[in-house]
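Colleague: I have a structure here, written as structure tokens, and I will follow up with some questions on it.
No lab work stands behind these numbers, since they all come straight from the coordinates. Fair warning: this is a prediction, and the values are worked out from it, not measured in the lab. Please note: Cβ atoms are built from the backbone with ideal geometry, for glycine as well, and neighbour counts cover all protein chains shown.
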Amino acid sequence: MCSNFSIKEMNSTASLLDMNFTSQIIALTKNIVAMLVWLALSFINGSMVHTFLNHIFYSDPRYILYIHLVINDMIMLSFAVMLQVITYVLPYGLNMLVCCMMLVIISTTNRNSPLNLAGMAIERYIAVCKPLHHIQICTVRRTYILICLIWSVAVIPALSDIIIVLATKPFTTFSTGVICYNNAVYGSSYHKATSTAVHIVNLSFVFLTLVVTYFKVFFAAKAAITDPASARKARNTILLHGVQLLFCMLGYITPLTNMILLSLFPNKRTIILFSNFLFTNVLPRLLSPVIYGSRDQKFAKYMRIKPTEVQVNSKKR
């Protein structure tokens, strides 16, 4: 009997070790995938920023807003992936104060994206429908003021969350460890209600802005008061901004999709959460480089490396 008991004990221990090893392999694989995707997007977006800084685009409000969107996405992705990796590296949680700072950055940059899209759509509307006033209205100085305004509007809800935590929890809480995600840190019903209201107002404003600017450009082309080709290109760009907005909204339905998928596949919890994170937060950021990197001829011209230029440079060396 003792031998049978010891064999069963050894088998159960071996199975536990095997399960632990498998979970570690899955966690390592997910972190590697997240890091590889982040590196690929950082390389693409970094190339965009390099092109912007080394050519004439820094004096064009349109490209200033675009590069701001790219840099904003880079910041958001860097902190989101960092938090994803930290969750597995530190199983006992992250320091509460550090976690709050990271959540402020992630939530602020996440809210920046749709507001920046609205600004880009308005700039295209002015360029097409009011071309004579475009230079006076859309100046570089006003563009940077708009970017500061976007950050101010986006950071206020995030800072209010911190104030609520300070008011409702003891200060010693900030020295403890916590699993760093919104519900664990701000798990009050008040936060959920205010967060939902802010998202609805934010996205509704951006959606209405895109719809109004699209139809303004459309009717301007119909009335032949602007160049049809320019108007068509502007309409297509605004439509793509609408697609970007839909991708931004994916992050808000993540809790619902998580709940549905977890009820169907309860044993695949970590895979479901990671897949949703990848498809709703990481991959949508690919759309910004695609829109301007491939569609915008002026920008794409500087992104390409011409064989003749490479040969000339190699001869000089």
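Colleague: When N counts the residues of region 143-213, how does its alpha-carbon radius of gyration compare numerically with 2.2 N^0.38 Å, as a ratio?
Modeller: 1.40
Colleague: With a 10 Å Cβ neighbour count serving as the proxy for reagent exposure, in which order, fewest first, do 122, 32 appear?
Modeller: So the residues, fewest neighbours to most, are 32, 122.
Colleague: Which of 107, 204, 195 has the fewest other C-beta atoms within 10 Å, and how do the rest follow up to the most?
Modeller: Neighbour counts put them in this order, fewest first: 204, 195, 107.
Colleague: Taking a temperature of 4 °C and a viscosity of 1.567 mPa s, what whole-number D in µm²/s does Stokes-Einstein yield for region 120-177 with Rh from Kirkwood over alpha carbon pairs?
Modeller: The calculation lands on 89 µm²/s.
Colleague: For region 247-287 and region 20-81, compute the distance between their C-alpha centroids and round to whole Å.
Modeller: Between the Cα centre of region 247-287 and that of region 20-81, the gap is 19 Å.
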